[in-house]
Amino acid sequence: STALSGPQAAPTVPPQSGGPQAGAAGSAATPLGSAATPLSSGPGGGQSSWAQQVHRLAGAGGGDEQPVAPWKPPVDDPFQAAARRQAAARPAGLGKRLAARLLDTVVLAAVTAVAAVPLGSKAIDHVNEKIDAAKLSGETVTVWLLDGTTSVYLGIVLAVLLLAGVVSEVLPTAKWGRTLGKKLMGLEVRDIEGHDAPEFGAALRRWLVYSVPGLLAVGLVGVAWCLFDKPWRQCWHDKAAHTFVAG
């Protein structure tokens with residue numbers, strides 16, 4: 001019979017895999033490496049399924065690509081490091097604390113002396129002038145050592161002392177947890193709970209509780225308090241700031 005042409009021509013049927021001739025044609029048309037890949041059934045049969053195509057594309061790189069190393073957690077976990085630091089924290093020895101305090105006191109006294117020496121000389125000269133004037137008057141006169149002039153000088157010296165304490169004690173304690181003396185002695189000021197360096201407010205409160213009573217000689221009791229305090233050997237200024245000295 002003669003094949004129809006034009007719009008009435010029957011569509012060409014692709015070779016099936018049933019017969020021997022169709023199997024040979026199918027083998028020729030199949031790409032290399034996919035002969036063993038099962039084919040999807042249903043409409044559009046004869047083509048690889050979507051999952052098989054994705055799998056084939058994923059393996060197109062062959063063995064040139066390097067294997068991906070599995071993710072590993074950080075070697076030094078921050079939470080574990082904090083826990084170890086907290087467990088290892090011990091109160092510092094009283095001898096080291098005393099040595100560190102002496103070093104810090106020398107530094108603070110040297111800075112304060114820059115203002116205290118000239119102002120102290122002026123205050124002494126002022127008092128001597130008052131005493132000489134009282135002697136020349138020939139009368140019994142009470143000479144007050146603390147008057148309007150000397151009180152101003154004293155106020156300036158105290159302001160320099162507190163400012164120098166903030167610079168040499170408060171700021172280093174809040175930033176690094178140690179002053180110069182504590183650094184030389186291997187000590188650190190730590191928060192009693194977090195075992196980190198105290199914040200600026202706590203460091204300032206610690207310095208004020210130490211320095212202000214110290215000017216009135218009451219601070220000696222607060223400093224000696226660490227001799228009997230347990231378990232963290234806290235002085236009054238440590239208790240006020242919730243800190244302790246580790247070493």
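For the stretch 207-247, the fraction of alpha-carbon pairs lying more than 13 Å apart is 47 percent, rounded to a whole number.
Tell me, what are the semi-axes, in whole angstrom and largest first, of the equivalent ellipsoid of the stretch 102-146 as set by the roots of 5 times the Cα gyration tensor eigenvalues? Intermediate values should be presented prior to the final figure.
Values: eigenvalues 233, 19, 6 Å².
Square roots of five times the eigenvalues give 34, 10, 5 Å.
Largest first, the three principal axis extents of the alpha carbons in the stretch 152-247 are 43, 28, 24 Å in whole numbers.
For the set Lys122/Lys239; Lys175/Lys239; Lys96/Lys175, the pairs lying more than 31 angstrom apart at their alpha carbons are Lys122/Lys239.
Values quoted throughout were computed directly from the atomic coordinates according to the rules given, and no laboratory measurement underlies them. What you are looking at is a predicted structure, and each value in this text was computed from that prediction instead of being measured.
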